[in-house]
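The values are calculated or read from the model by the stated rules, or taken from the named source; none is laboratory data. Keep in mind that what you see is a predicted model, and the values were worked out from it rather than measured. Ideal geometry is used to build each Cβ from the backbone, glycine not excepted, and the neighbour counts take in all protein chains shown.
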Amino acid sequence: MADDKEERNPERIPTRYNIRRAMWWLLQNTQSGDSLVFHFSGHGTQQMNMDGNEIDGLDEAICPVDYEEQGKIVDDEINTALVRPLPRGAKLHAIVDACHSGTALDLPFVCKMNRSVSRMLVISELNNLSEIL
């Protein structure tokens, strides 16, 4: 019976509202030394960037189950909800298993790895990285 596997609790269905509410919940009472985990597995996409803050002109977005009616959650929103409120010294581990998820948190730097994957180079898009750390 497929119905037995369907989520019945409306607060646990991955709607736009519930995902945004969970992001808010995750950051509540966070302080230095805390380690948080955000995980999303689902559909991801790109859309035209309207505020000019993307090098490639595209925003990345995750798609809640109701995205056609309520909208996608774009990288700018995820950054505002999860990254900017982090207090200094708190860590956020984000696992985003979706298409176009490489910059889903809209972080101001890019990590490039060489072929041996033994070295990583962080390239800042900002002049002063300390502004965000």
**Message:** Would you confirm whether or not the stretch 3-12 contains a residue that is without any contact (Cβ under 8 Å) to a residue 24 or more places away in the chain and not charged (D, E, K, R)?
**Reply:** yes
**Asked** Taking S32 and the conditions (1) touching an Asp or Glu at 6+ places or on another chain (Cβ under 8 Å); (2) at pLDDT 95 or above, which numbered condition does it fall short on, given that it satisfies the others?
**Response** (1)
**Asked** Under 8 Å by Cβ, and 6 or more places apart or on different chains, what pairs join a residue from the stretch 76-88 that is closer than 14 Å to R21 by Cα with one that is among the small types (G, A, S)?
**Response** I78/A104; L82/A94
**Complete:** By my count, strands (runs of 3 or more DSSP E) wholly in the stretch 43-104 with at least 3 residues that are crowded, with 18+ Cβ neighbours inside 10 Å, in contact with a helix residue (DSSP H, G or I) (Cβ under 7 Å, 6 or more places away or on another chain) and at pLDDT below 95 are none
**Asked** If you check every pair at least six apart or on different chains, which have Cβ atoms under 7 Å apart with a residue in the stretch 30-46 that is touching a residue at least 24 places away in the same chain (Cβ under 8 Å) first and a residue that is in a loop (DSSP other than H, G, I, E, B) and β-branched (V, I, T) second?
**Response** L36/T30
**Asked** Does L26 satisfy the criteria of being surrounded by fewer than 17 Cβ atoms within 10 Å (Cβ to Cβ), part of a strand (DSSP E or B) and of a type outside the set (D, E, K, R)?
**Response** no
